[in-house]
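Input: a single structure, listed below in structure tokens.
The values are calculated or read from the model by the stated rules, or taken from the named source; none is laboratory data. Since we're looking at a predicted model, the values are computed, not measured. Note that we place each Cβ from the backbone using ideal geometry, even for glycine, and neighbour counts take in every protein chain shown. Each accessible area value is taken on the protein alone, full model and side chains, heavy atoms only, with ligands, DNA and RNA left out. Shrake-Rupley method; radii C 1.70, N 1.55, O 1.52, S 1.80 Å.
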Amino acid sequence: MRLELSDPIWTRLYGPYGVRDVPGQLGRLAARWDAEEAQHLFWEELHHQEELYPVSYAALPWLVEIAPQSEPVLEFYAQALFCAQRQSDAGARFRGLSLEAADHAHPWLPADRRLRDEDMAALAAMGAWLDGAGDGLARLCLDRVPAERPFVAVQLAGGHAGWHGARDLPHAMQMWADGESLTAIRAEGAPDATDRRLAGEIALAIGDRQPALAAFLRDYVAEAPPA
């Protein structure tokens, strides 16, 4: 579902700092892509501290249509996929996208800027769009893991893993990129069955481009030797 930029619901679709002119920014980017403005949109208006908001989900279909498949764009997709599948709000398919209007009645939003019961159908359609598009976006992120720049590699691979339900794997890959030892990484939490499955899939997919990361993934899910 792609909302028209003139739809009145945008005046109630809030982000981390309330309701801002996201449709105006999307309109400008659709007319002429500007990487600097896009970065501001991604990290100031659509995402904050691993949280997504209703406006984040409304913007994603537009971005998929108008944005180039550059690394900065894919890094945002990866982070959005990871955040969407984090422990969601009660009754919400995706984090930050509750279908109960009362969950969006934050005291820091003016009353006339709060989502209404009649807006919930639009939010449900946004969730349905991501349900349909998420696997493809996750695969795109994995396919574009670069041969260098391990920090970018773990961001893109982590989005794929997070979207598919990995619990500790994205954090483990980030710790590896930060230079942490395998012992320290394992101490943060043992991989569960989903982490193990996805680590194997990712290692196979990126082994020729990121052999060091692939080797770490295999070691991470291997049985630890007895103490």
Placed amide H near GLY15: partners under 5 Å, 5+ positions off or other chain
ARG20
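With +1 on each Lys and Arg Cβ and -1 on each Asp and Glu Cβ, and nothing else charged, work out how big the dipole of the stretch 70-225 is about its Cα centre, in Debye to the nearest 20. Display every interim value, and only then the final one.
Numbers: 15 positive and 23 negative charges, 23 e Å.
It works out to roughly 120 debye.
Quick check: at a probe of 1.4 Å, how many percent of the accessible area of the stretch 42-171 sits on carbon and sulfur atoms? Present the calculation step by step, with values, prior to reporting the outcome.
Working: 2740 of 5530 Å².
Roughly 50 percent of what the probe reaches on the stretch 42-171 is carbon or sulfur.
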Once every DSSP H run of n ≥ 4 in the chain is given -39500 (n - 2.57) and the sum is divided by its residues, what mean residue ellipticity at 222 nm do you get, rounded to the nearest 500 deg cm²/dmol?
-16500 deg cm²/dmol
How tilted is helix 22-31 with respect to the longest principal axis of the chain? Cα atoms for both, answer in degrees (0 to 90, nearest 10).
80 degrees
For GLU51, which sequence-distant residues (separation of 5 or more, or a different chain) have an amide H within less than 5 Å of its own amide H, given hydrogens modelled in the peptide plane?
none
So for the chain, taking the charge dipole from beta-carbon charges (+1 Lys/Arg, -1 Asp/Glu), which of PHE42, VAL221, GLN155 sits furthest toward the positive end?
VAL221
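Nearest 20 debye, what's the magnitude of the dipole of the stretch 1-120 about its Cα centre given +1 on Lys and Arg Cβ and -1 on Asp and Glu Cβ?
Values: 11 positive and 20 negative charges, 28 e Å.
In debye, rounded to 20, the stretch 1-120 gives about 140.
Solvent-accessible area per residue for the stretch 1-139 at a 1.4 Å probe radius, Å²?
On the way: 6410 Å² over 139 residues.
Here the per-residue accessible area is 46 Å².
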Among 176-184, 148-156, 76-84, 117-125, how do they line up from the highest to the lowest mean number of other beta-carbon atoms within 10 Å?
76-84, 148-156, 117-125, 176-184
Whole-Hz ³J(HN,Hα) for each residue in the stretch 117-126, computed from phi via Karplus 6.51 cos²θ - 1.76 cosθ + 1.60 with θ = phi - 60°, x for glycine and proline: what do you get?
3, 6, 7, 5, 5, 5, 5, 4, 5, 5
Once phi is turned into θ = phi - 60°, what whole-Hz ³J(HN,Hα) does the Karplus curve with 6.51, -1.76 and 1.60 give for every residue of the stretch 37-49, x standing for Gly and Pro?
5, 4, 4, 4, 4, 4, 9, 10, 9, 10, 8, 7, 6
